[in-house]
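Only one structure is covered here, and it is reproduced in the block below.
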Amino acid sequence: MTIPHWSSSLSKLAAELTQRRISDVMQENAGTITQQALGITIDFTKNKLTQNVLELLLEQAQQSTLKHSIAAMFSGEKINQTEQRAVLHTLLRAQQSPLAEFSAVQSAREKAAQFSDKVRAGKLLGATGKPINTIVNIGIGGSDLGPKLLLEAFAAEIPSTLSVHCLSDVDYAHAQALLASLDLSQTLFILCSKSFTTWETQTNAKLVIEQLKQKVSEAQWAKHFAGVAVDQAAMTQFGILPEHQFCIWDFVGGRYSVWSAVGLIARIALGNATFERFLAGAAEMDEHFQQADFAENLPVLLALVQIWNINYLGHDVFITLPYHHSLARFPDYQQQLEMESNGKAVNQAGEFLSFATCPYIFGQLGLNAQHAFMQLVHQSQHKSYLEFIAVPDPSVSFADDVAYRSCLAQSRALMTGTDGVSNEKTCPGDRPSTTLVLEAMTPQMLGKLLALYEHKVFVQSVLWGINAFDQFGVELGKKIATSLTESGADDADLDVSTRALIDMHQ
């Protein structure tokens, strides 16, 4: 499971450290292993990690192509080799850039900002002449998770005159219930799909049109739609008005697209000022990632410590526990970002890897997790690695800051454990974790946090030698679903199980 071309010293140190407890390693370090930048402090001390190990990990990063790869991404080289595309989601939050694509990005950003102002001012009118006061984002995956995270993180900033909803899953009853609760004459539906062919989004869009046509004339329903896609012709063919069309580009992957017009519903709901602060925070992290030495570089350090836990200490389950309600949707967002990006077993040369890459990732709000799955983490034999995200509340004392205090208690309990009075009550401890402390939860900070994890994922992909920006594993199920739609149980190649399950529906 170790990385073959990395120093054998790491394997030897891993073998030694697995025989020791984290608490003992911590005493040997005689201090904390932490790094701070941009209002984010990362404490790596509760890992089986020594300064010697960290120095060796940094040495591997220095000897790799990482420095060149970072420069290549930001300069617009086609680092997505399988699809022959540049990777420029960072351009979406940049204030300036020499790249030719920047002009189009800025124009799209300005168009989205103007549209947002128009909706918030009550000047965007529906077919009956009433102002639009309800927005529904129809998208799935990256076209849903990012906007939803933003909307819930800063829900308090959404004006009472505006109602927002997200529709992603294809569930007729759920969609019907949502539509029945809305005044369609004052509702705008944003169809968010990079290809504009995503079948889940198109299926929900058709249902909306059926409902709209019962309320407004066919010639007028277009006033209730906006589109976000690469293919403008497809949006036009669907019937979306040119002034309601918002561009994204092939150089932005879906899971990296919240910074673009994919975040239009959040821009409208939260206002341009808040959304621009979100972008500015991410841009700060971009600058840090490009300029900071690896030994002080938050994304690089976060990536290296996780690689150490995965490839050298054998942890294949990663759990993220935010202890702040604004980050309730962060684990869902992170799941797609990391598992869709780095859940690969083939390197850039098309060769199968001999070691693991991205672990299984799950999580939820920390206090909820304590009453759900933390029992397993504390007492099972599964090897998991955790990251805590905490935000101290400056308005109360430490003793009264329940979330922050609980976060620290959990990380300590995982490390120390307890012998208990019986085997059933014994918690072995010695579970590794990293703690991120954010100085405040603001739009800027959320931008920094998401960009931090984006760059962490990229660092890992470079060090593992994989492409973080394709997702061919997503396609197989879609193809089979299409073939089942066309042939059903008549497909001669179907296995007996699938054929029997189809027959149950007929």
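Select, from V87, V119, V105, the only residue that is out of contact with any Leu (no Cβ under 9 Å at 6 or more places or on another chain) and of a type in the set (V, I, T).
Numbers: V119 fails: out of contact with any Leu (no Cβ under 9 Å at 6 or more places or on another chain); V105 fails: out of contact with any Leu (no Cβ under 9 Å at 6 or more places or on another chain).
Testing whether each residue is out of contact with any Leu (no Cβ under 9 Å at 6 or more places or on another chain) and of a type in the set (V, I, T) leaves just V87.
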Taking region 327-368, which residues are over 27 Å from S406 (Cβ atoms), hydroxyl-bearing (S, T, Y) and under 11 Å from the mean Cα position of the chain (by Cα)?
S341
Go through region 164-185 and count every residue that is in a helix (DSSP H, G or I) and surrounded by 12 or more Cβ atoms within 10 Å (Cβ to Cβ).
7
Scan region 359-382 and report the pairs whose first residue is assigned by TED's automatic domain parsing to the domain that holds L327 and under 18 Å from Q334 (Cα atoms) and whose second residue is in a strand (DSSP E or B) and of a type in the set (K, R), with Cβ atoms within less than 8 Å and a gap of 6+ or a chain change.
none
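S395: under 25 Å from L446 (Cβ atoms) and either not aliphatic (A, V, I, L, M) or not assigned by TED's automatic domain parsing to the domain that holds S326 (or both), yes or no?
Numbers: under 25 Å from L446 (Cβ atoms): yes; either not aliphatic (A, V, I, L, M) or not assigned by TED's automatic domain parsing to the domain that holds S326 (or both): yes.
So S395 passes the test.
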Can you name the residue in region 487-496 that is in a helix (DSSP H, G or I) and at pLDDT below 85 and, of all such residues, is surrounded by the fewest Cβ atoms within 10 Å (Cβ to Cβ)?
D490
Going through S411, S406, S461 one at a time, which residue ends up being part of a helix (DSSP H, G or I) and in contact with an Asp or Glu (Cβ under 9 Å, 6 or more places away or on another chain)?
S411
Any idea which residue in region 417-456 is surrounded by the most Cβ atoms within 10 Å (Cβ to Cβ), counting only those that are in contact with a Lys or Arg (Cβ under 9 Å, 6 or more places away or on another chain), in contact (Cβ under 8 Å) with a residue 24 or more places away in the chain and β-branched (V, I, T)?
T434
Hits in region 260-289 (condition: in contact (Cβ under 8 Å) with a residue 12 or more places away in the chain, of a type in the set (G, A, S) and on the phi < 0 side of the Ramachandran plot)
S260, A261, G263, A266, A269, A280, G281, A282, A283
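Residue-wise test of (1) in contact (Cβ under 8 Å) with a residue 60 or more places away in the chain; (2) under 30 Å from L167 (Cα atoms); (3) touching a strand residue (DSSP E or B) at 6+ places or on another chain (Cβ under 6 Å).
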| site | (1), (2), (3) |
| --- | --- |
| T41 | yes, no, yes |
| K46 | yes, no, yes |
| A72 | no, no, no |
| Q96 | no, no, no |
| G129 | no, yes, no |
| G142 | yes, yes, no |
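Here's the yes/no breakdown for (1) assigned to a helix (DSSP H, G or I); (2) of a type in the set (G, A, S); (3) under 30 Å from T34 (Cβ atoms):
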residue	(1), (2), (3)
R431	no, no, yes
V437	no, no, yes
A440	no, yes, yes
L452	yes, no, yes
A468	no, yes, yes
V474	yes, no, no
T485	yes, no, no
T498	yes, no, no
Would you be able to tell me the number of residues in region 219-242 that are within 16 Å of L125 (Cα to Cα) and without any contact (Cβ under 8 Å) to a residue 24 or more places away in the chain?
4
When you check L191 against the structure, is it outside any helix (DSSP H, G or I), touching a residue at least 40 places away in the same chain (Cβ under 8 Å), more than 23 Å from E340 (Cα to Cα) and of a type outside the set (F, W, Y), yes or no?
no
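Quick one: how many residues across region 89-134 are aliphatic (A, V, I, L, M), part of a loop (DSSP other than H, G, I, E, B) and surrounded by 14 or more Cβ atoms within 10 Å (Cβ to Cβ)? Step through it out loud before you land on a result.
Applying the first criterion (aliphatic (A, V, I, L, M)) to region 89-134 yields 91-92, 94, 99-100, 104-105, 108, 112-113, 119, 121, 124-125, 127, 132.
If we keep only those that are part of a loop (DSSP other than H, G, I, E, B) too, we end up with 94, 99-100, 121, 124, 127, 132.
Those still in the list that are surrounded by 14 or more Cβ atoms within 10 Å (Cβ to Cβ) too: 94, 99, 124, 127, 132.
Summing the residues that are aliphatic (A, V, I, L, M), part of a loop (DSSP other than H, G, I, E, B) and surrounded by 14 or more Cβ atoms within 10 Å (Cβ to Cβ) in region 89-134 gives 5.
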Expected output for region 9-21 (first residue closer than 18 Å to Y385 by Cβ, partner of a type in the set (K, R) and surrounded by 12 or more Cβ atoms within 10 Å (Cβ to Cβ), Cβ below 6 Å, 6+ apart or cross-chain) is L17/K48
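Can we say E157 is in contact with a helix residue (DSSP H, G or I) (Cβ under 6 Å, 6 or more places away or on another chain) and in the same structural domain as F246 (by TED's automatic domain parsing)? Give the steps one after another, and end with the answer.
Values: in contact with a helix residue (DSSP H, G or I) (Cβ under 6 Å, 6 or more places away or on another chain): yes; in the same structural domain as F246 (by TED's automatic domain parsing): yes.
So E157 fits the description; yes.
The values are calculated or read from the model by the stated rules, or taken from the named source; none is laboratory data. Given the structure is predicted, the values throughout are model-derived calculations rather than measurements. Cβ sites come from the backbone with ideal geometry, for glycine too, and all protein chains shown count toward neighbours.
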